[in-house]
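Visitor: This structure is in structure tokens; I'll ask about it shortly.
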């Protein structure tokens, strides 16, 4: 990572959503990985939720967080595959003001090293909505680790150069843990 010498770390307010018909908070290793990595890096976990794979419930939760001044980043794990129940990209896509096409492209390029051509079956995507970064990742813990280590750790760090997502995010409003 290239770091500008005089740049300072800016903690961000992060919400994590797990989309799964089978997981509980106790068995949600993917959401836990994203939440713990964000906190370990110095960001604040301001919300965490787990929803069944239901397009309208996912859309409602993400829309709520996009409208919330306290949420700057939404990380979603699950629902990006091809099964009939996978609906995260459809739920989120219409909420985005701008898509970050390179996110999905880079994620697939990184994950080919782990899962080979099976990477073509992920519909991972990211975009900006109301100054909020929204990232949709596969539900596997390995995929979340790949996205965190290969993309998010640098792009959520204001010190990373030549560019990162931080200057594109809304200023944080009140923060703190939320139910």
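The values are calculated or read from the model by the stated rules, or taken from the named source; none is laboratory data. All figures in this text were calculated on a predicted structure; none of them were measured in a lab. For neighbour counting, all protein chains shown are included, and Cβ atoms are generated from backbone atoms with ideal geometry for every residue, glycine included.
Visitor: From the residues in segment 65-98 that are in a strand (DSSP E or B) and touching a residue at least 60 places away in the same chain (Cβ under 8 Å), which one is farthest from residue 15 (Cα to Cα)?
Guide: Taking segment 65-98 and keeping what is in a strand (DSSP E or B), we get 73-77, 98.
From what is left, the residues that are touching a residue at least 60 places away in the same chain (Cβ under 8 Å) are 73-77.
Numbers: 73: 6, 74: 5, 75: 6, 76: 8, 77: 11 Å.
Checked segment 65-98; the qualifying residue farthest from residue 15 (Cα to Cα) is 77.
Visitor: Which of the residues spanning segment 103-125 are in a helix (DSSP H, G or I) and either under 14 Å from the mean Cα position of the chain (by Cα) or buried (at least 16 other Cβ atoms within 10 Å of the Cβ) (or both)? Steps first, please.
Guide: At the first step, the residues of segment 103-125 found to be in a helix (DSSP H, G or I) are 103-121.
Within segment 103-125, 103, 104, 106, 107, 108, 110, 111, 115, 119 qualify.
Visitor: Hey, any hits in segment 81-95 for a residue that's under 22 Å from residue 27 (Cβ atoms) and touching a strand residue (DSSP E or B) at 6+ places or on another chain (Cβ under 7 Å)?
Guide: There is at least one residue in segment 81-95 that is under 22 Å from residue 27 (Cβ atoms) and touching a strand residue (DSSP E or B) at 6+ places or on another chain (Cβ under 7 Å).
Visitor: Here's something else I'd like to know. Looking only at residues in segment 83-100 that are surrounded by fewer than 22 Cβ atoms within 10 Å (Cβ to Cβ) and under 14 Å from the mean Cα position of the chain (by Cα), which one is modelled with the lowest pLDDT? Lay out the reasoning, then the answer.
Guide: Going residue by residue through segment 83-100, those that are surrounded by fewer than 22 Cβ atoms within 10 Å (Cβ to Cβ) are 83-87, 89-90, 93-100.
Filter once more, so that each one left must be under 14 Å from the mean Cα position of the chain (by Cα): 89, 93, 96, 99-100.
On the way: 89: 94, 93: 97, 96: 98, 99: 98, 100: 98.
Residue satisfying both the conditions and the ranking: 89.
Visitor: Which residue out of 62, 14 is under 19 Å from residue 128 (Cα atoms) and not in a strand (DSSP E or B)?
Guide: On the way: 14 fails: not in a strand (DSSP E or B).
Residue meeting the stated conditions: 62.
Visitor: From 76, 66, grab the single residue that is more than 19 Å from residue 144 (Cβ to Cβ) and buried (at least 20 other Cβ atoms within 10 Å of the Cβ).
Guide: On the way: 76 fails: more than 19 Å from residue 144 (Cβ to Cβ).
None of the others qualify; the one that does is 66.
Matching residues to (1) touching a helix residue (DSSP H, G or I) at 6+ places or on another chain (Cβ under 9 Å); (2) under 19 Å from residue 142 (Cα atoms); (3) modelled with pLDDT under 95:
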| position | (1), (2), (3) |
| --- | --- |
| 1 | yes, no, yes |
| 22 | no, yes, yes |
| 38 | yes, yes, no |
| 73 | yes, no, no |
| 81 | yes, yes, yes |
